[in-house]
1. Could you sort out which of LYS320/LYS364; LYS242/LYS409; LYS273/LYS293; LYS128/LYS348; LYS242/LYS273; LYS273/LYS364 sit more than 23 Å apart by Cα distance in this structure?
2. In degrees from 0 to 90, rounded to the nearest 10, what is the angle of the helix 404-416 Cα long axis to the longest principal axis of the chain?
3. Would you rank MET227, MET417 by solvent-accessible area, highest first, keeping every protein chain in place and using a 1.4 Å probe?
4. Could you work out the helix-only [θ] at 222 nm for the chain, with each DSSP H run of four or more residues adding -39,500 (n - 2.57) and the total divided by the number of residues, to the nearest 500 deg cm²/dmol?
5. In whole Hz and in residue order, list the ³J(HN,Hα) couplings for the stretch 260-271 that follow from phi through the Karplus curve 6.51 cos²θ - 1.76 cosθ + 1.60, θ = phi - 60°; x for Gly and Pro.
6. Can you give the local net charge around VAL327? Use residues other than it whose beta-carbon is closer than 10 angstrom to its beta-carbon, Lys and Arg +1, Asp and Glu -1.
7. Of all DSSP beta bridges located in the chain, what percent are antiparallel, nearest 5?
8. For GLU224, what accessible surface area do you get with a 1.4 Å probe? Give it in Å², rounded to 10.
Amino acid sequence: MLPRVALSPPQLLRSMALSPSRHAAPVLTERCFVAELAGSELVYFTCWSGSGPPAPGGSVRPRGFLPRPGRCYSFCIDAAQSLRERVRAARLHKQLQQKLSQAPFGAGCQVLPLLSYCPTDAAAAPEKGFLVQVAQAAPETERSLEELLRLHLPAPAHLCVYQEAEDGQLWRALWRLKGAAEGKERLGRARVVTAPRPDRHPAASHLLDGAVFCSREAARRVLEECMALIPEAKAVLDLVDKCPDLPKKGDFPVIVIEGLDATGKTTVTQSLKDSLNAILLRSPPSCVSQWRKTFDDEPTLIRRAFYALTNYIVASEIAKESTKSPVIIDRYFHSTAAYAIATEISGKVSDLPPLHHPVYCWPKDLLKPDLVILLTVSPEERIRRLQGRGAEKTREEAELEVNSFFRQKVEESYRRMENPSCQLVDASRSREEVFENVLHQIKKHFPS
Ligand SMILES: Nc1ncnc2c1ncn2[C@@H]1O[C@H](COP(=O)(O)OP(=O)(O)OP(=O)(O)O)[C@@H](O)[C@H]1O
Ligand SMILES: Nc1ccn([C@@H]2O[C@H](COP(=O)(O)O)[C@@H](O)[C@H]2O)c(=O)n1
């Protein structure tokens, strides 16, 4: 069964407006929204039903989210309770994202990530959705959007339409979509106002075991739920299940090299392998390469569970190899966590969860390396190297190139990881200097 769309009608109406007749002093509605605008700016907004000025905390029309003289549309997918529903809701969100990136929405439309959250209840799961900005009000775009929702969401689907009124105020109308032949019905209308910026990004409290997995079992459960939908999930689980539960590290040093794409990890790990006579491993390991594309096309919940599990496969390889020789690893858990955090937390570095947040902690059941080295390079040098390499870019690499905010969030997340934390090496220097500096860090860590 497909998950329900957006908010259920009673919830939606509550979110639209609290009736002034039943409330002497109208208050801001219980659900707020955050959208990521161009330039990674976050706009927080809610709806205001009062006729006077908005209540304290709420303020004027949010800036920048409605292109003039255009229109905006939004919808969210209901937060699911069970893991099975969460998997289906996540896949539905991904499916809609793909549809919204294609014609007729591509040209002239901007599809922005939207999150609906309850500011008074951090435990309530936020709901993911979209804000579709259209530069010019176009009836055919609106019709296509309605058709998309009718087709993919269980009836009755709901759609919010934002429009500027003559007085310059921004209004949001809630529509219930009936069958294609019956049209739609307007359920309510409320003024859109800026919402207070919460202390933490609304997605932060739901990162654990939704994007950053703190145990093998939590990630395992997600892929188990996917087995009927994604045949490759069983193949991954079969491999993971062959690995011992808590593999122990051998006596030889285990060193991880981390960093953004094209920071020189391959170059450094190869040199270390040769000079230390070490075994070189990488996460994800080659035994799962054939399934990577499948999981990269899945939503965060499934994609990150896949990468989390591959670390446990690497852990069992580390345990075996570190009894025989030093082990160098190209990426490990810090990469899995840093990319997941940066993808799920919209906005800028300042929107990341604060230092010491549990998402920056190493999973208790994952074999720990002795040392983690983070290679850092300036954005300009990294792009020069990417271009020099001329390799085909993955979608995420392409995003890194255009979105320096994303890159900054990945790097800052690496820097915030704890126990083990990352030792930084400036990798903008020559290959020889970088290698010397990495060796220096290793000697410092393993004196004798
Ligand atoms: N210190 C350096 N100075 C100049 N160029 C370098 C240096 N280190 C690596 N390169 C070059 O930069 C490019 C990227 O390096 P490399 O493949 O080692 O990075 P990477 O971190 O492994 O990338 P990815 O994660 O995308 O595989 C390569 O063309 C490499 O030869
Ligand atoms: N341990 C890991 C390794 C990788 N990822 C994800 O893969 C992308 C980078 O992989 P490369 O092959 O280009 O090095 C990165 O974007 C991560 O999303 C991971 O999650 N965990």
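The values are calculated or read from the model by the stated rules, or taken from the named source; none is laboratory data. Since this is a predicted model, take the numbers as computed values, not measurements. Cβ placement follows ideal geometry from the backbone for every residue including glycine, while neighbour counts extend to all protein chains displayed. Accessible surface is based on the protein model in full, side chains and every heavy atom, while ligands, DNA and RNA are left aside. Shrake-Rupley method; radii C 1.70, N 1.55, O 1.52, S 1.80 Å.
1. Among LYS320/LYS364; LYS242/LYS409; LYS273/LYS293; LYS128/LYS348; LYS242/LYS273; LYS273/LYS364, the Cα-Cα distance tops 23 Å for LYS242/LYS409; LYS273/LYS293; LYS242/LYS273; LYS273/LYS364.
2. Taking Cα atoms only, the helix is inclined about 50 degrees.
3. MET227, MET417
4. Per the formula, -11500 deg cm²/dmol.
5. Going residue by residue, I get 5, 4, 6, 8, x, 4, 4, 4, 5, 5, 5, 5 Hz, with x marking Gly and Pro.
6. Local net charge: +1.
7. In the chain, DSSP labels about 70 percent of beta bridges as antiparallel.
8. Looks like 80 Å² after rounding.
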